[in-house]
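Structure record follows, encoded as structure tokens.
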Amino acid sequence: MHMTQSKQSALPAGFRLDDYTIVRELSAGGFSLVYLALDHHDRKFAIKEYLPLDMTCRQPGGEVTIIDELDREAFRIGLKCFFEEARVLAGIRHPNIVRVVNFFRANNTVYMVMEYAEGRPLSKELTLAAGHLPEVRLRKLFAELIGGLREVHQQQLLHLDIKPANIYLRRNGSPVLLDFGAARQALRRPGQAPAAMFTPGYAAPEQYDAKAKLGPWTDIYGLGASLYTMLGGGRPQSADERQQADTLQPASKLFAHYYSPQLLALADACLQLEPQRRPDSLERMQQCLLANDYVTPPPRSLWQKAGTWLAQAAGKKP
């Protein structure tokens, strides 16, 4: 829906933006565009532009204007959140949080200049690993991410859109948390479908309720949903559907043959619908992930696998 609009809205290649030159559009969402840009020294950066596509249009000179006067206040609140997010992130130096090197106002909107990391999204990693990542790798990845997220939470900023697509792996394998969603959450209009604000499956139930209190527990749900996906469970059932009829299979049931009970219990605890039933702190989660007293099940032998295949071929349950 937004792609054709984004092509019209994106700044063209060669556009001069403060001290940067736009090379091309990297990605488009409903609330922002991200560009690849170069500075005077030809260093690469990713520049994120605050641009809620449903309520704005682009003038030939690059300026952003609001289509409907009724959206002016919503646009201003979202802009303020985006600017505040950039300001907080610019003050954080953590290897697992996207590095914001600059932010500025131009074209009636705000731009956030970030490091450009070579690598790939975590969502691609499962495909490359044939659907199964070793436990030691998963524990290290999520412990590092939580280390970064703890710093963010200490600055009173929530992420609100944690999912494998927003976790980027640098070439050296270390994860970086990208694309914070607090500004999007602030943009929600009365009566607007909440699904437009975040990703179903990874969003906590309280994100569907405009009156509910959001907090670190909301990001803990997103971490649990991302871990569940990386264990091989696919995208979890969306929280609003779970509140009607919860058909989400627990990780401890699905993956008992492959991962330790401790890791599976952690994923299940994070995915509790009631916030008070989730782990009570990121620090506790990190300690659980860094503990080395867990036992993973032995690899299923070829004989077991052969038995399973034979039983399936015979139409029986193994």
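When we screen Arg72, Arg43, Arg58 for residues that are under 26 Å from Asn166 (Cα atoms) and in the same structural domain as Val110 (by TED's automatic domain parsing), the only hit is Arg43.
Checked against (1) surrounded by fewer than 13 Cβ atoms within 10 Å (Cβ to Cβ); (2) at pLDDT 60 or above, Ala269 meets all criteria but (1). Evaluate the stretch 59-79: report whether one residue or more is closer than 16 Å to Leu33 by Cα and under 22 Å from the mean Cα position of the chain (by Cα). The answer is yes, given that some residue of the stretch 59-79 is closer than 16 Å to Leu33 by Cα and under 22 Å from the mean Cα position of the chain (by Cα).
Residues in the stretch 214-248 that are part of a loop (DSSP other than H, G, I, E, B) and touching a helix residue (DSSP H, G or I) at 6+ places or on another chain (Cβ under 7 Å) were compared, and the one that is surrounded by the most Cβ atoms within 10 Å (Cβ to Cβ) is Pro236. Considering Ala143, Ala130, the condition of being assigned to a loop (DSSP other than H, G, I, E, B) and in the same structural domain as Lys163 (by TED's automatic domain parsing) is satisfied by Ala130 alone. What do you reckon, is Val101 more than 18 Å from Phe31 (Cα to Cα), assigned by TED's automatic domain parsing to the domain that holds Arg87 and surrounded by fewer than 18 Cβ atoms within 10 Å (Cβ to Cβ)? Yes: the conditions hold for Val101. The set of residues in the stretch 71-81 that are over 16 Å from Val110 (Cβ atoms) and in contact with a Lys or Arg (Cβ under 9 Å, 6 or more places away or on another chain) contains only Asp71.
Conditions (1) closer than 18 Å to Pro175 by Cβ; (2) of a type in the set (Ser, Thr, Tyr), marked per residue:
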| site | (1), (2) |
| --- | --- |
| Gly222 | yes, no |
| Leu231 | yes, no |
| Ser238 | no, yes |
| Arg242 | no, no |
| Thr247 | no, yes |
| Glu274 | no, no |
| Arg284 | no, no |
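Listed here are the strands (runs of 3 or more DSSP E) enclosed by the stretch 1-99 that have at least 3 residues being in contact (Cβ under 8 Å) with a residue 40 or more places away in the chain, touching a strand residue (DSSP E or B) at 6+ places or on another chain (Cβ under 8 Å) and farther than 30 Å from Gly147 by Cβ: 56-58.
The values are calculated or read from the model by the stated rules, or taken from the named source; none is laboratory data. Since the model is a prediction, treat every value here as computed from it, not as a measurement. With ideal geometry, Cβ positions are generated from the backbone for all residues, glycine too; neighbour counts draw on all protein chains shown.
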